[in-house]
Structure formats: structure tokens, C-alpha cells
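Inspection log for the structure reproduced underneath, given as C-alpha cells.
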Amino acid sequence: MDYHKEIVLILDFGSQYTQLIARKVRELGVYCEIYPFNLTFDKIIAMNPKGIILSGGPKSVTDLDAPICDKGIFSLNIPILGICYGLQLITTIYKGKVDKSSKREYGKAHIVLDDSDMLLEGIKDGDIIWMSHQDKVLTMPRGFKTLAHSDNSPHAAIRSIDTKIYGVQFHPEVHHTPKGKRILKNFLYKICKVKGLFSPKSFVMLATDHIRNSVGDGKVICALSGGVDSSVVATLIHKAIGDNLRCVFVNNGVLRKDEEREVVEIFKDRLHLNLKYIDAEELFLSALKGVKDPERKRKIIGKLFIKIFEEEAKKLGDVQYLAQGTLYPDIIESISSKGPSATIKSHHNVGGLPKRMKLKLLEPLKELFKDEVRIVGKELGLPDYIVQRQPFPGPGLAIRIIGDVSRERLKILKEADSIVRDEVERNSAFSHIWQSFAILIPVKTVGVMGDERTYANVIALRIVESEDAMTADWSRVPYEVLDIMARRIINEVPGVNRVVYDISSKPPSTIEWE
Ligand code: XMP
């Protein structure tokens, strides 16, 4: 069944939780998409949504420039749920009054039910809800009734008496509202009356059909890096069109230990993808010789990668499509452009390719969030080792070897890094870690091994926790684990006699050292 047929729209008024609403709705088996609050009426109608959710937002409805959605949606007889700002907007549109109070209500509150309704089924007096607002409803909108109040909000949940328009002052999408998911489920299943057609399985079925229909007998090329996104894209397209998918895996010499072997083993030998392995180690390492500047390293690696990839595409001849692992957050990001920001690091991806190569883009994951991509990967039979992978930068170990990238230094870093990986992967308590890796510092220090003086390299450990890499904090890893990593690195990696742990957060530092 096509889950697009029961789409729920989320109109975004700028809340930091908007993406969370979308993820919760999808976890509940309902496909949804986020759009800016001012999406036109025609576009909304064209999508024929089963329900509309109005998100929270930082503005006050009493501001002159308060964002407003097209008021026509309130006459469509489509269920609407306003959350926080969404509730306040409904209130003003229906001639109620919103109080711009000077006091902010933030954090835990308790709900008390005033009337029974499908929206709050399963919720009882005293249940915890999470508030984060300044404004609140002072006079009820016309034709509405109060369903519940809280300690500080006399109208914490409201509904229109005659239509299916609802509002809640609290945030059901955050996990601090323990029964929030139940409320969203009530809205979706009891009020919007969806069937719940969206699941990783239905996604795979629909996506493979769609790929088959749009590509036909055409050929698709995909740069496979072994990271989660490109691995899932490649496996999905392979399922749809088999060997008409041509994957190219470039060994740029700055991969983690054994990575090239593992990727070829999984995708070529086990999953039987049409994979071309290109050993370009020598090319990359000679281009990087003597280069110390991190941005130059990035540019060299990015350019060389594109050159090799283009050459391969040409050799393959009749390729019409380029597959990319674009995800939904990338799309939302580009719709709600945040304006110019300083380039801290020029992160490269294959984004520069299509224009020059005149290939049509195939982006089958562009409807999914990262955690959904992982579930789809599992559904497609990819091993945990791939699906749960940490992000790994395109320029690889080149930006983790501070200064010159030589074969000798690469060997040291690969060994040290594989010990960190080994210790983190074997410990399930670390599944929440965002990234963990080793860095080779261009400094030698004195040590003593046996009775001998040593003068050798320093390895830094970087283990961070993060939601999205925009901010990160160093992980409070137990001393025992750090101890094991340090001992193993010093004992097992020739040329290292000291290990240090990086305790800087981002900002002001960054995750990578270069
Ligand atoms: P920073 O170091 O900027 O890293 O805090 C944020 C995230 O981006 C990754 N990263 C890169 N990824 N090309 C990439 O594909 C790059 O040049 C690059 N530099 C950093 C980094 O590993 C972290 O996940």
C-alpha cells in the first residue's frame, strides 16, 4: 500500500522540535513531511493530507510579524493539531486571546483532565507533560472547549466543538512527555483515521518499484564508501535493478585499517553487487606528500576523487543516473535555508558531480531520517557492522594525521585507531557514542620501556557524544576503558609511547582536529 496516500503535513513555525514531531509520527507508522508554515493552500490541497500538525515556534502570536499559515486550511475539514505556538495561532484565528506573559513556563507540569476526548484517551490526571512557552491562552477561542489544564496553563489542551481542530500547549513530541506518543497516536489513528501504512518494509517495496519504473533499463552509477547512507542506497538500488547498478569504491589510502577489504568482502562477495574496486592509494598518497594544511588536504582528496570517479563513469559508457545518499534533513535544511554562514571546514561529498557529468540524480533515501535509513539497511540484510557505523569523514585519516601524511604515519594511526574501534565496538555501553577515533599528533615525547629510553609519537583519543555533529561533548568514558585503550596502543603499536584524551567540546573546538 502506498503510504504517500495517507500523508500528514507538518507546518513548521520554527520550533527546535519540528523534526522530532516528524520522527514520532513516522515511528507511529504514518508518513509525514515538514513544510515551511507559509506553504500555499493549493499545494496543501494537492497533497490531500489526512491531517495537519502546526509546530511550535519561537515567535509570539502577538508580534506584528507573527508567522501565519494559510487560514483556508481551517475550513477543509481536515484534522489539525496545533502544538504550543500552533495552539496559540488557532486561538487568535478563532478570536480567542493569547496572553504574552512575562513568565516563562518551562519544564515539567502535570495534566488535569476537564473533559473526555479521543485525543487524550489513555491519559490520566497527574500525568507529566513538558512545557516550553511564554504565551498562553487567556480567553478561549470561539467554538472551542477546554479538554485539560495544567498547573500554570488553564487551557493546556483544547478542541473545536464542531470540527476536528485541536491544540495542546505542551509538547507531546518530546520524551519528557512520557505519554506524548500516545496523544500523537490518538490524533493520527482515532482523529485522522489513518491505517498506518508506513514502515521500513513498505518503504523498501515502494522505493524499489519507483526506482525500477523511473530507471527502466538505464544504468546507474554509485560511489560506495561503505558508510551507512551509500551502503543503503547501493543495496536498495541493487535490489531494484540488479547489475544495472554499477558501484565504484575508491581506496584513497586514508581509510581505516582493513576497511577496503571489509567493504569489498561485504558488497562484492556477500551481497553480490556489481562493484568495481579501484586501488588509488598510491595516487592519493603521492598527491598528499608534504601537504600540511588541512583545507588543502581536503581539496586534493576531493578533486582527485571526482577525477577518478568521472573516469570510471566514462569507462562504463552508457550510464544515465548518479545515485546519492541524500537524506530528508538535507532537504529540509535546503528548503529553510539558514543564510550564509562561515566555512569552518569544506566538507566534501559527491555533490559537485552531477552538473559536470550531466547525469540524472537518483536519491531514493531523500524521504528518510538517519535512524530510518539504518532500519531500512537492516531490512535489506546489511550487517550491523555497516548499519550502525559511525560517520567517517571523506578525507579520512588524512585529517587525523596532523601535519604530513606519510605511509609510516598512516601505519601507526591505522593500528592505534583499530584498537579504539575494537574497544568501542565490543562494548555495548558505547552504542550512543557519536564518533570515537585516534589522532596522530606531530610531536614526539620521551618514555621508558624496559630499561630503554624511547622517543616516540603521541596518540590522542577523541570520543564524543552528539545529536547531529553541530555540537558535541567529550564522552565521560570510564577510566578503566581509557586505561585499556592507552595500554593496548602503547604496547601494541610500535612508535607510540604516550596516549592523551581530548576533553574539549564543540564549540569551541571541532570534532576532528583538522
Ligand atoms: P567537525 O570536525 O567539523 O566535524 O566538528 C563534524 C562532522 O563532520 C565530519 N567531517 C567531515 N566529513 N568531509 C566529510 O565528509 C570532511 O571534510 C569532514 N570534516 C569533518 C566529522 O567526522 C564529524 O562527523
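Restricting attention to the stretch 292-316, the residues that are surrounded by fewer than 17 Cβ atoms within 10 Å (Cβ to Cβ) and over 28 Å from Asn244 (Cβ atoms) add up to 6. Go through the stretch 14-66 and give me each residue that's buried (at least 19 other Cβ atoms within 10 Å of the Cβ), touching a residue at least 40 places away in the same chain (Cβ under 8 Å) and of a type in the set (S, T, N, Q). Once the filter is applied, which keeps residues that are buried (at least 19 other Cβ atoms within 10 Å of the Cβ), touching a residue at least 40 places away in the same chain (Cβ under 8 Å) and of a type in the set (S, T, N, Q), the stretch 14-66 yields Ser15, Gln19, Ser55. Among what's in the stretch 99-134 and is more than 35 Å from the chain's Cα centre (by Cα) and assigned to a strand (DSSP E or B), pick the residue that is surrounded by the fewest Cβ atoms within 10 Å (Cβ to Cβ). Out of the qualifying residues, it is Ser102. Restricting the first member to the stretch 445-461 and to residues that are farther than 30 Å from Ser504 by Cα, and the second to residues that are in a strand (DSSP E or B) and among the hydrophobic types (A, V, I, L, M, F, W, C), the beta-carbon pairs closer than 7 Å and six or more apart or on different chains are Arg453/Val446.
In the condition set (1) in a strand (DSSP E or B); (2) of a type outside the set (Asp, Glu); (3) farther than 21 Å from Glu372 by Cα, Leu9 is compliant with all but (3). So for the stretch 467-486 (the condition being in a strand (DSSP E or B), within 16 Å of the ligand (Cβ to nearest atom) and over 18 Å from Asn427 (Cα atoms)), does at least one residue qualify? There is at least one residue in the stretch 467-486 that is in a strand (DSSP E or B), within 16 Å of the ligand (Cβ to nearest atom) and over 18 Å from Asn427 (Cα atoms). Is it fair to say Ser153 is at pLDDT below 95, assigned to a loop (DSSP other than H, G, I, E, B) and surrounded by 18 or more Cβ atoms within 10 Å (Cβ to Cβ)? Here the answer is yes, as Ser153 does meet what is asked.
State yes or no: is Val137 under 30 Å from Ile237 (Cα atoms) and either touching a Cys at 6+ places or on another chain (Cβ under 9 Å) or crowded, with 17+ Cβ neighbours inside 10 Å (or both)? No, not satisfied.
Among the residues of the stretch 241-283, which ones are in a loop (DSSP other than H, G, I, E, B) and of a type in the set (A, V, I, L, M, F, W, C)? Val254, Leu255, Leu271, Leu273, Ala280 - these are the residues of the stretch 241-283 that are in a loop (DSSP other than H, G, I, E, B) and of a type in the set (A, V, I, L, M, F, W, C).
For the residues Ile439, Ile459, the requirement of being modelled with pLDDT of 95 or more, within 29 Å of Glu514 (Cβ to Cβ), touching a helix residue (DSSP H, G or I) at 6+ places or on another chain (Cβ under 8 Å) and more than 16 Å from the ligand (Cβ to nearest atom) singles out Ile459. Of the residues making up the stretch 357-370, those that are more than 16 Å from the ligand (Cβ to nearest atom) and either out of contact with any Pro (no Cβ under 7 Å at 6 or more places or on another chain) or in a loop (DSSP other than H, G, I, E, B) (or both) are Met357, Lys358, Leu359, Lys360, Leu362, Glu363, Pro364, Leu365, Lys366, Glu367, Leu368, Phe369. None of Glu333, Glu363 is at pLDDT 70 or above and of a type in the set (Asp, Glu) except Glu363. For Pro395, the stated conditions do not hold, so it cannot be described as out of contact with any His (no Cβ under 9 Å at 6 or more places or on another chain) and over 17 Å from Asp483 (Cα atoms).
Selection of the stretch 492-514 for residues being more than 12 Å from the ligand (Cβ to nearest atom), hydrophobic (A, V, I, L, M, F, W, C) and assigned to a loop (DSSP other than H, G, I, E, B) yields Val493, Ile503.
The set of residues in the stretch 365-396 being closer than 24 Å to Gly302 by Cβ and out of contact with any Asp or Glu (no Cβ under 7 Å at 6 or more places or on another chain) consists of Lys366, Lys370, Ile386, Arg389, Gln390, Pro391, Phe392, Gly394, Pro395, Gly396.
The condition (being farther than 30 Å from Leu410 by Cα, assigned by TED's automatic domain parsing to the domain that holds Pro58 and free of Cβ contacts under 8 Å to residues at least 40 places away in the same chain) is satisfied by just one residue among His171, His272, His175: His175. Looking at the structure I just gave you, is Val464 hydrophobic (A, V, I, L, M, F, W, C) and either part of a helix (DSSP H, G or I) or more than 12 Å from the ligand (Cβ to nearest atom) (or both)? Judged against the criteria, Val464 is not a match.
Yes/no per residue for (1) under 23 Å from Lys378 (Cβ atoms); (2) in contact with a helix residue (DSSP H, G or I) (Cβ under 6 Å, 6 or more places away or on another chain):
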position	(1), (2)
Gly242	yes, no
Cys247	yes, yes
Asn252	no, yes
Glu259	yes, no
Val263	yes, no
Phe267	yes, no
Leu271	yes, no
Asn274	yes, yes
Glu281	no, no
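Consider the stretch 281-296 and keep the residues that are touching a strand residue (DSSP E or B) at 6+ places or on another chain (Cβ under 9 Å) and among the charged types (D, E, K, R). The one that is farthest from Ile399 (Cα to Cα) is Glu281.
Entry remark, the stretch 385-427: residues being charged (D, E, K, R), away from the ligand (no atom under 16 Å from the Cβ) and not in a helix (DSSP H, G or I) number 2 in total.
The values are calculated or read from the model by the stated rules, or taken from the named source; none is laboratory data. Just so we're clear, the structure is a prediction, and the values are computed from it rather than from any experiment. Please note: Cβ atoms are built from the backbone with ideal geometry, for glycine as well, and neighbour counts cover all protein chains shown.
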